[in-house]
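Here's the structure we're looking at; comments come further down.
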Amino acid sequence: MQAIARITDVVDDLLGRLCRGIILLTMLALLGVIGANVIARYALADGGINEVGEIPELLFPWLIGAGIILGVQRGAHIAVDFYSAALGPKGKVWAICFVNAVVIASYAILFQPVMEIASITADEFTPLLKLPRSIGFYSLLFTFAGVMFSSLAISLRVIARGHEAAPEFDLEESVT
């Protein structure tokens, strides 16, 4: 079990790096195109670049999805800590695995309908850039797969190393 946990740790780390890269690239692209459009509004007689409006529509879901996956990896997605004092170490492991199993099952249920919607919208294109509207739905599929894998990785880590291996969300990072 330790070997499986180590392998999932490596893949989970790579997934985290990919998500941080997606966040960096989408933020830079969004800032670049929106900033260029602000400048173009004052510089061009047309009042801006029309195509710019479609880019955030396509990129923003990827930004949010990558952030959700990173939230899961940090333990900020869903937490049930009312049981902490009541359960022993083995009970905590079971509770953590149960919560992650519910998350995995929930996202797995949503996967198929979103895949069908993505295939339907693949034939629809944005009016100006002529890009498939399915791009946003593929970001959902990426998010679902990433959340399911990260939840599985947490469960395997906890089974192999104990409840202490579960990510602890730092309340200092919370916006509430």
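For the range 1-60, a residue qualifies if it is loosely packed, with under 13 Cβ neighbours inside 10 Å, among the small types (Gly, Ala, Ser) and outside any helix (DSSP H, G or I), and the qualifying residues are Ala45, Gly47. Filtering the range 112-134 down to residues that are closer than 23 Å to Val147 by Cβ and in contact with a Leu (Cβ under 7 Å, 6 or more places away or on another chain), which residue is surrounded by the fewest Cβ atoms within 10 Å (Cβ to Cβ)? Step by step, filter the range 112-134, then rank; the result is Met115.
Residue pairs whose Cβ atoms lie under 6 Å apart, separated by 6 or more positions or on different chains, with the first residue in the range 108-129 and among the small types (Gly, Ala, Ser) and the second surrounded by 13 or more Cβ atoms within 10 Å (Cβ to Cβ) and in a helix (DSSP H, G or I), are Ala118/Ser134; Ala118/Phe137; Ala118/Tyr138; Ala122/Ser134. Within the range 72-83, if we keep just the residues that are at pLDDT below 85 and of a type in the set (Val, Ile, Thr), the residue that is nearest to Ile23 (Cα to Cα) turns out to be Ile78.
You will find that of Ile69, Ile64, the residue that is modelled with pLDDT of 85 or more and out of contact with any Leu (no Cβ under 8 Å at 6 or more places or on another chain) is Ile64 and no other. Within the range 100-138, being part of a loop (DSSP other than H, G, I, E, B) and either aliphatic (A, V, I, L, M) or at pLDDT 95 or above (or both) holds for Ala122, Leu128, Leu129, Leu131.
The values are calculated or read from the model by the stated rules, or taken from the named source; none is laboratory data. Bear in mind that the values here come from a model prediction, so they are computed numbers and not experimental data. Please note: Cβ atoms are built from the backbone with ideal geometry, for glycine as well, and neighbour counts cover all protein chains shown.
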